[in-house]
1. Quick one: which residue in ASP110, ASP69 is loosely packed, with under 14 Cβ neighbours inside 10 Å, free of Cβ contacts under 8 Å to residues at least 24 places away in the same chain and among the charged types (D, E, K, R)?
2. Residues SER185, SER181, SER159, SER212: which one is touching a strand residue (DSSP E or B) at 6+ places or on another chain (Cβ under 6 Å) and either at pLDDT 95 or above or under 23 Å from PRO31 (Cα atoms) (or both)?
3. Read through the list (1) surrounded by fewer than 19 Cβ atoms within 10 Å (Cβ to Cβ); (2) on the phi < 0 side of the Ramachandran plot; (3) of a type in the set (Ser, Thr, Tyr), then give the number of the only condition that SER53 fails.
4. Of all residues in the stretch 182-197, which are part of a loop (DSSP other than H, G, I, E, B) and in contact (Cβ under 8 Å) with a residue 40 or more places away in the chain?
5. With respect to THR149, is the statement that it is open to solvent by 10 Å² or more (accessible area, probe 1.4 Å) and among the polar types (S, T, N, Q) true?
6. Looking at the stretch 121-162, which of its residues are in contact (Cβ under 8 Å) with a residue 24 or more places away in the chain and either in a strand (DSSP E or B) or in contact with a Gly (Cβ under 6 Å, 6 or more places away or on another chain) (or both)?
Amino acid sequence: MCADAGTHEIAPRSGVAFTLDKGDRLTVIDPRGEQVADLLAFNRHDLDEVISSGRTLDYASRIYLTTGDPLYSNRSNVLLRIVEDTVGRHDFLLTPCSADTFRIIYGDADPHRGCFGNLAHALAPYGVAADRIPVAFNCFMNVPVDGATGTFTVEPPLSRAGDHITFEAERDLVIGLTACSALQSNNGSFKPIHYRIERGRPGEPSEGARESVADRNALPPGA
């Protein structure tokens, strides 16, 4: 738990899952700078509907998304909308890092399970199987692309301590969120990610009660 009672911490190289209601806002914060957070969103009432990199980038006609941009599902419905962004450079091209990522790219003999494994573990109580995990929206990840050759590189994030990106839920959602586990993506070190949930519907708990709501949503169903 962070000093700010409404803000929650994801430990380095770990992940969480929670729910959002339509109208809720999720702010993802980079507290130390240069740390990526992988974000997934599923329709809470039909898990076969999931955030889609391909649909989103197709409709945006560009790969760098920021304030005002919607994140679409595989069914072309808007799941989330970016309503505030202090960085302006995120990645929606590369899939969550996994044990195979570390084995193939880094040559690790005993690889970490990565964001893919962390997301699979966190989302399992909500009924999301590992094979349902798509390309994530990688908050703060910096992947420049050469327009002539199509080659890309993974560079240090442009985010600095305290930078954030805020999303508004356009549907009732299940969210998966990580503090990324890949050295290359995070400029060589593993750091925490913070997040905050603000309720958007009338009758929801007030500002002082939001901590308990976020705590509740971080637990698997029935906990």
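1. Step by step, each of ASP110, ASP69 is checked, and only ASP110 is loosely packed, with under 14 Cβ neighbours inside 10 Å, free of Cβ contacts under 8 Å to residues at least 24 places away in the same chain and among the charged types (D, E, K, R).
2. SER159
3. Only one criterion in (1) surrounded by fewer than 19 Cβ atoms within 10 Å (Cβ to Cβ); (2) on the phi < 0 side of the Ramachandran plot; (3) of a type in the set (Ser, Thr, Tyr) is unmet by SER53, namely (1).
4. Across the stretch 182-197, the qualifying residues are ALA182, LEU183, ASN187, SER189, PHE190, LYS191, PRO192.
5. Considered against the rule, which asks whether it is open to solvent by 10 Å² or more (accessible area, probe 1.4 Å) and among the polar types (S, T, N, Q), THR149 comes out as yes.
6. Hits for the stretch 121-162 are ALA122, LEU123, PHE137, ASN138, CYS139, ASN142, VAL145, PHE152, SER159, ARG160, ALA161.
The values are calculated or read from the model by the stated rules, or taken from the named source; none is laboratory data. Because the structure is a prediction, the values reported are computed rather than measured. Methodologically, a virtual Cβ is constructed for each residue, glycine included, from the backbone with ideal geometry; neighbour enumeration extends over all protein chains shown. Calculation scope for accessible area: heavy atoms of the full protein, side chains included, ligands and nucleic acids excluded. Shrake-Rupley method; radii C 1.70, N 1.55, O 1.52, S 1.80 Å.
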